[in-house]
Amino acid sequence: MSLRIKGLEDQLGMRLFERKRNDVRLTVAGHDLLPGVRAIVDAHDRLIDRASARHIKGSVRLGIAEGYSVHLLPRVLERVQRLYAAIELAVVCADSPALRRMVREDALDLAVAVAPRELPAAALLSRPHLRWVASPDFAPGEWNALPVACFPDGHAFRAAALEALHARGIAYREVVCSANEQVIHCAVAAGAAVAVMAEDMVPDGLRIVSDTRFLPTLGRIGIQLLEAPAPHSDAVRHVKLQIGELHPGA
């Protein structure tokens, strides 16, 4: 190692370390190079991980909450297919309470759930703001009773929407109630209703309504990762890693 360091210093024409009998420290030049060296080492490690990932095999049972699957599922599928060709994904889309039950019963290995509060034994992936979403020409102030598209009882988006409307005393009527988020999106895109969505999940062609004169402000939602208690295979651990990398953090 000493010979390699000396060879690097000779190649660069600068000293990288201050050497004493019982101490070795970076010089100013060494500190300047350190971030770039770390980036090279990290890139090397990612390259090795990616090459070895092709040999990871196994099946992974993954659940994704309705209201979030359209946003997350295509990206998860693309990553797993690209990085782990031998991993077989079996995906279930359901409401968060059902996903929590399936994880407890060991019917799923991993589940991405949506909840206003942190769930027991769950890893928090992100905490996006909730927003009212409408079509570009929808005007909330033109309605005597605000038309709303909602998920069924038990869904966190529904609870947040109705709680905020009740708190402000805003009259509303449910135009659409569906567990299918594509149905919710269609109702909003048609200009028939507004809906509550996480700010990072608003589809193209729709807009966030920020006029607080007609619509109440909303809080945040927790995007959380649940894991079955059984020992995890390499395939489950690698899919979990990719789901974590797809989120900006809490």
Is at least one residue of the stretch 20-34 buried (at least 17 other Cβ atoms within 10 Å of the Cβ), basic (Lys, Arg) and either modelled with pLDDT of 90 or more or on the phi < 0 side of the Ramachandran plot (or both)? no
Ala107 vs. criteria crowded, with 17+ Cβ neighbours inside 10 Å and small (Gly, Ala, Ser): no
Yes or no: Ala156 under 20 Å from Gly67 (Cβ atoms), assigned by TED's automatic domain parsing to the domain that holds Glu66 and modelled with pLDDT under 95? no
So which of Ala167, Ala149, Ala161 is assigned by TED's automatic domain parsing to the domain that holds Val194, more than 22 Å from the chain's Cα centre (by Cα) and part of a helix (DSSP H, G or I)? Ala167
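Please verify whether the stretch 51-60 includes one or more residues that are at pLDDT 80 or above, touching a Phe, Trp or Tyr at 6+ places or on another chain (Cβ under 6 Å) and surrounded by 10 or more Cβ atoms within 10 Å (Cβ to Cβ). Even if it seems obvious, please write down each step before you answer.
First pass over the stretch 51-60, keeping only residues at pLDDT 80 or above: 56-60.
Now narrow it down to the ones that are touching a Phe, Trp or Tyr at 6+ places or on another chain (Cβ under 6 Å): 56.
Okay, now just the ones that are also surrounded by 10 or more Cβ atoms within 10 Å (Cβ to Cβ), so 56.
Among the residues of the stretch 51-60, at least one is at pLDDT 80 or above, touching a Phe, Trp or Tyr at 6+ places or on another chain (Cβ under 6 Å) and surrounded by 10 or more Cβ atoms within 10 Å (Cβ to Cβ), which makes the answer yes.
Which members of the stretch 206-232 meet the condition of being small (Gly, Ala, Ser), at pLDDT 90 or above and out of contact with any helix residue (DSSP H, G or I) (no Cβ under 6 Å at 6 or more places or on another chain)?
Selection gives Gly219, Gly222.
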Checking Thr217 against (1) assigned to a strand (DSSP E or B); (2) in contact (Cβ under 8 Å) with a residue 40 or more places away in the chain; (3) of a type outside the set (Phe, Trp, Tyr), which test does it fail? (1)
For the condition touching a strand residue (DSSP E or B) at 6+ places or on another chain (Cβ under 9 Å) and either closer than 27 Å to Lys240 by Cβ or not assigned by TED's automatic domain parsing to the domain that holds Leu110 (or both), what is the one hit in Ile64, Ile40? Ile64
In this structure, is Val188 over 19 Å from the mean Cα position of the chain (by Cα) and surrounded by 15 or more Cβ atoms within 10 Å (Cβ to Cβ)? yes
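Conditions (1) part of a loop (DSSP other than H, G, I, E, B); (2) within 20 Å of Ala115 (Cβ to Cβ); (3) without any contact (Cβ under 8 Å) to a residue 40 or more places away in the chain, marked per residue:
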{"position": "Val176", "(1), (2), (3)": "no, no, yes"}
{"position": "Ala187", "(1), (2), (3)": "no, no, yes"}
{"position": "Pro203", "(1), (2), (3)": "yes, no, no"}
{"position": "Ile208", "(1), (2), (3)": "no, no, no"}
For the structure I just gave you, tell me whether Ile170 is buried (at least 17 other Cβ atoms within 10 Å of the Cβ) and more than 30 Å from Pro231 (Cα to Cα). no
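On the given criteria, is Ala145 surrounded by 15 or more Cβ atoms within 10 Å (Cβ to Cβ) and either under 23 Å from Asp109 (Cβ atoms) or not basic (Lys, Arg) (or both)?
When the stated conditions are applied, Ala145 does not pass them.
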Of the residues Val239, Val196, which is touching a Phe, Trp or Tyr at 6+ places or on another chain (Cβ under 8 Å) and in a strand (DSSP E or B)? Val196
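The values are calculated or read from the model by the stated rules, or taken from the named source; none is laboratory data. Bear in mind that the values here come from a model prediction, so they are computed numbers and not experimental data. For neighbour counting, all protein chains shown are included, and Cβ atoms are generated from backbone atoms with ideal geometry for every residue, glycine included.
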